[in-house]
Amino acid sequence: MTNGIEDVENAEVIFVIGSNPRENHPVIGAKIKEAKRNGARLIIADPRKIDLSNESDLFVQLKLGTNIALINGMIHVIIEEGLEDKEYIETHTENYRNLKAVVEKYTPEHVAPICGVKADEIREMARIYASGRASIFYAMGITQHKTGTNGVISLSNLAQVCGNIGVKGGGINPLRGQNNVQGACDMGGLPDVLTGSQDYTNPGVKQLFEEEWGTKIPQKPGLTIPEIMDGACSNTIKCLFIMGENPMLSDPDMNHIRHALDSLDFLIVQDIFLTETAERAHVVLPARAFAEKDGTFTNTERRVQRVRKAVDGPGESREDWLILMELMNRLGQDRKYAHPGEIMDEIARVTPQYRGISYERIAKAGLQWPVPHKEHMGTPILHANGPIRGKGYFCAVEYEPSAEQVSANFPYLLTNGRNLYHYHTRTMTGRVKELNEKSPCSYVEINPITLRKLGFEDGAKVKITSARGHITTRVKAYEGIMEELFFMPFHFADGAANVLTGTNLDEKCGIPELKVSAVNIEPAFA
Amino acid sequence: MFEVIINGQKTIIREESSVLRALTGEGIQVPSFCYDERFINRHFPEETDCGLCVVEIDGKLEKSCSTVISDGMVILSDSDKVIERRKSILEKIIEDHPLDCIVCDKAGGCKLQDYCYEYGIEKSSNSCLEALPVDGSSPFFSIDPNKCIACGKCVKVCGYLQNTNILFLTETNGKRHVAVNGETLRESACGSCGNCVSVCPVGALLPKGISGTRADRWKTETVQTTCCYCGVGCQIDLKVAENKILGAGPAASGPNDGLLCVKGKFGYKFIGHSDRLKTPLIRQNGQLTEATWDEAYALITEKISGLMASDGPEAFAGLTSARCTNEENYLFQKLFRTVIGTNNIDHCARL
């Protein structure tokens, strides 16, 4: 997030797109609802009606995969009606002319049939967005598309056109789905960067790390998850070490992942439960849950906060950092740490954004990075003194249809997400009986009108097939889902949505097009 | 800046605030059932107050939560008159409150119990009939209106902080108590966040499934940590006794401002689950079998060394975790980039 969670209350307009905060980030959802009650205007774009839609000023139910067309359409209207922030554009941005040229054809009349919404609604949405200090909230509904990166870029264009960057109540705010997805990226858990997104081919960066680590660091670009899985299938990747992930359920095309994992010479899985992934391992290492170890997580607003040990772990389980240190020591790196705080000190030495962070400084309250030195109090709003790169760049992007399209064999589109009561692959929430009582099994949401056309009853057992595979699940009638579109939560191993999802990737970052699958539906006979 | 006299001491209060806040700032504890810092700048259609925060200001009894500090005030926080008023409030509540403290799951964490002890409420003309039905329809918590003291905290939190608005105060046979919009919790629009449970000062709103652990209440410790679910980073207070987590509630600080969702409040129960992995496992004859750490480490180092020699570093890849700590993620990529020598590291941020 460019802005903080507390800043929600300062927004005059809140634009939620591809995100369902009341279920997936409930505390932020509560704050959005309160901001709305206190007078903020709320606009929402989603193919599926969400809880917040009920009190929104405008809810646009757009066709799956058409975000960029809508956003370009909004920018078109803003420019056409002179609602842009001319001063901000002039002072703080570059390449505006290019953006203007590209969005010119995205008239509301052109966009309306693409998105399946009325032209006037697009105009109204743009006008509301431009009517005051506006904050954008988005999540995987923007990113899990073949054009996911461009979706984010188009939101950045929208925010910049109205000068909503670096100011209170503005910003572009991705709601990150996992407790430490921000931190895992910050820590260099990515194939192309070291900590703090530093480029390992940069000579200064390379030197800094080689001095700290006392060894040469690799320069060959690494592989992304989809490439790793393909590499496993083709036997170029022979050994895979998976810590705290369950790709069998969370990654697209489950049959492909199963084949990849089973092709490996050696699979190491470190986890707290015997997950569907761990079941296929050669060695399983019993790790510790969050309440059984010390450390830090970095939240969606870049706040680095303490994780504290409350209880001991079961049996012989060990803190993950101890397991990794032991392995590293046995393999020839002799650095030892007495406590995770010492690891944080090392992180601070090599990471500009974390330089001012220490366990002592975040004992009472976390700090929002960048924290460039030990007296710095953190950065609640990014780009507050003008865009960090100097000028904000307008990178105009075109709408492109999803890679996956309906066909004669697969005439419907399926999208997916989470529900309030479960988290991801249910490794944890599936073991909490009360949560299971609320949401016990896989289901597919279908609009009652579509349901009648198909001749299914609410609760009917159905078979859903895509080009990748098939599952059986139960129908749940929901008026809030668009006609002819299906929605499934991806939590459940039995009736798993990711058997159906495909591996079309975003060319820029490699995110799979998880939100769009073409499927067929038939009755399932027990 | 305000110059006041608190319990005979000349005191300077730097910022405008309520008398209650000023007293708390001076280290004087003021009892209250309904006070919550988060309510200060919020407006509610129906104000409820318990009156227990009463103090003597310039000789008159005033509620300290709603009286703004002003220059020259003479404040007595525990004069005889104050104590007497507080006692009468507590006696009035107790008159209509079930006295099953021996078996009540709130015992040890109940403000009513604590204050009655502190103010020496030894006997009461208790006439509570416990006639109101208990709502046990939610798997997470129950509502016992008989134990409600109508402080209104849960109603405000549900309606104006969580913004779900399913609780309200009503009156049955002269008793004010909390009630649910809809027949029961199960039929209501309740999202089970449990924020009402977290603020309830008595046993009216109680998490289920904590029976049998009550005796440990008096010796629980609180450990503040960060929730393990979504990216909001809510600060959680875990209640711990004898190496067991007995409950979770929102910490007073952090981005969540004292709120949690259903997973943060009730989803900690996987931690001590019997399915947890307890020893390393090594695959032998197709079966995962229990092993020692030494055996597991030895096998891993042997395999890694062998494959390094035959296939080189690019035959290795690692998936690190958005669920693990920063320190663990840092070590994981360091392991791959140093001892193995590859950048083949990724995690599910890409998904």
>> Six or more apart or on different chains, Cβ atoms under 8 Å: show the pairs whose first residue is in region B:1-23 and assigned by TED's automatic domain parsing to the domain that holds B:Gly72 and at positive phi and whose second is hydrophobic (A, V, I, L, M, F, W, C) and part of a loop (DSSP other than H, G, I, E, B).
In response: B:Asn7/B:Ile28
> Which residue pairs have Cβ atoms closer than 8 Å, lie 6 or more positions apart in sequence or on different chains, and pair a first residue in region A:274-286 that is more than 7 Å from chain B (Cβ to nearest Cβ) and surrounded by fewer than 24 Cβ atoms within 10 Å (Cβ to Cβ) with a second residue that is part of a loop (DSSP other than H, G, I, E, B) and not small (Gly, Ala, Ser)?
Replying inline: A:Glu276/A:Asn246; A:Glu276/A:Thr425
>> For region A:244-280, give me each residue that is more than 27 Å from the chain's Cα centre (by Cα) and not in a strand (DSSP E or B).
In response: A:Asp262, A:Ser263, A:Leu264, A:Asp265
>> So in region A:250-270, with the set limited to residues that are without any contact (Cβ under 8 Å) to a residue 40 or more places away in the chain and at the interface with chain B (Cβ under 7 Å from one of its Cβ atoms), which one is surrounded by the most Cβ atoms within 10 Å (Cβ to Cβ)?
In response: A:Ile268
> What helices (runs of 4 or more DSSP H), lying completely within region A:141-238, carry at least 2 residues that are over 22 Å from A:Pro512 (Cα atoms)?
Replying inline: A:148-161, A:203-213
> Being touching a Cys at 6+ places or on another chain (Cβ under 8 Å) and crowded, with 19+ Cβ neighbours inside 10 Å, is that true of even one residue in region A:435-457?
Replying inline: no
>> Can you go through B:Gly194, B:Gly174, B:Gly182, B:Gly212 and tell me which one is of a type in the set (Gly, Ala, Ser), modelled with pLDDT of 95 or more and on the phi > 0 side of the Ramachandran plot?
In response: B:Gly194
> Which residue pairs have Cβ atoms under 6 Å apart, sit 6 or more places apart or on different chains, and have a first residue in region B:263-282 that is more than 7 Å from every other protein chain (Cβ to nearest Cβ) and surrounded by 20 or more Cβ atoms within 10 Å (Cβ to Cβ) and a second that is among the small types (Gly, Ala, Ser) and part of a helix (DSSP H, G or I)?
Replying inline: none
>> It is to be established whether one or more residues within region B:284-291 are under 28 Å from A:Ile343 (Cβ atoms) and either over 40 Å from the mean Cα position of the chain (by Cα) or not hydrophobic (A, V, I, L, M, F, W, C) (or both).
In response: no
> What residue, of B:Ser32, B:Ser17, is within 24 Å of the chain's Cα centre (by Cα) and among the hydroxyl-bearing types (Ser, Thr, Tyr)?
Replying inline: B:Ser32
>> Condition first: touching a residue at least 12 places away in the same chain (Cβ under 8 Å), assigned to a helix (DSSP H, G or I), more than 9 Å from every other protein chain (Cβ to nearest Cβ) and surrounded by fewer than 22 Cβ atoms within 10 Å (Cβ to Cβ). Now tell me which residues in region A:22-54 satisfy that.
In response: A:Ser53
> Do the conditions hold for A:Glu326, that is, is it at the interface with chain B (Cβ under 7 Å from one of its Cβ atoms) and touching a strand residue (DSSP E or B) at 6+ places or on another chain (Cβ under 8 Å)?
Replying inline: no
>> I need the full set of residues from region B:220-256 which are of a type in the set (Ser, Thr, Tyr) and in contact with a strand residue (DSSP E or B) (Cβ under 8 Å, 6 or more places away or on another chain), in order please.
In response: B:Thr220, B:Thr222, B:Thr225, B:Thr226, B:Ser253
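One line per residue, one yes/no per condition, for (1) in contact with an Asp or Glu (Cβ under 6 Å, 6 or more places away or on another chain); (2) at positive phi:
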position	(1), (2)
A:Arg426	no, yes
A:Leu435	no, no
A:Ser439	no, no
A:Ala497	no, no
A:Asn504	yes, no
A:Glu507	no, no
A:Val516	yes, no
>> Here is a check on your reading of the model: is A:Leu190 out of contact with any Ser or Thr (no Cβ under 6 Å at 6 or more places or on another chain) and crowded, with 19+ Cβ neighbours inside 10 Å?
In response: yes
>> Of the conditions (1) under 28 Å from the mean Cα position of the chain (by Cα); (2) surrounded by fewer than 17 Cβ atoms within 10 Å (Cβ to Cβ), B:Asp58 satisfies every one except a single condition; which number is it?
In response: (1)
>> Quick check on region A:360-368. Is at least one of its residues without any contact (Cβ under 8 Å) to a residue 60 or more places away in the chain and touching a Phe, Trp or Tyr at 6+ places or on another chain (Cβ under 8 Å)?
In response: no
> If we keep just the residues of region B:306-318 that are assigned to a helix (DSSP H, G or I) and at the interface with another protein chain (Cβ under 8 Å from one of its Cβ atoms), which is surrounded by the most Cβ atoms within 10 Å (Cβ to Cβ)?
Replying inline: B:Ala315
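The values are calculated or read from the model by the stated rules, or taken from the named source; none is laboratory data. Note that the coordinates shown come from a computational prediction; the quantities given were computed from them, not determined experimentally. Counting neighbours? That spans all protein chains shown, and the Cβs are built from the backbone with ideal geometry, glycine included.
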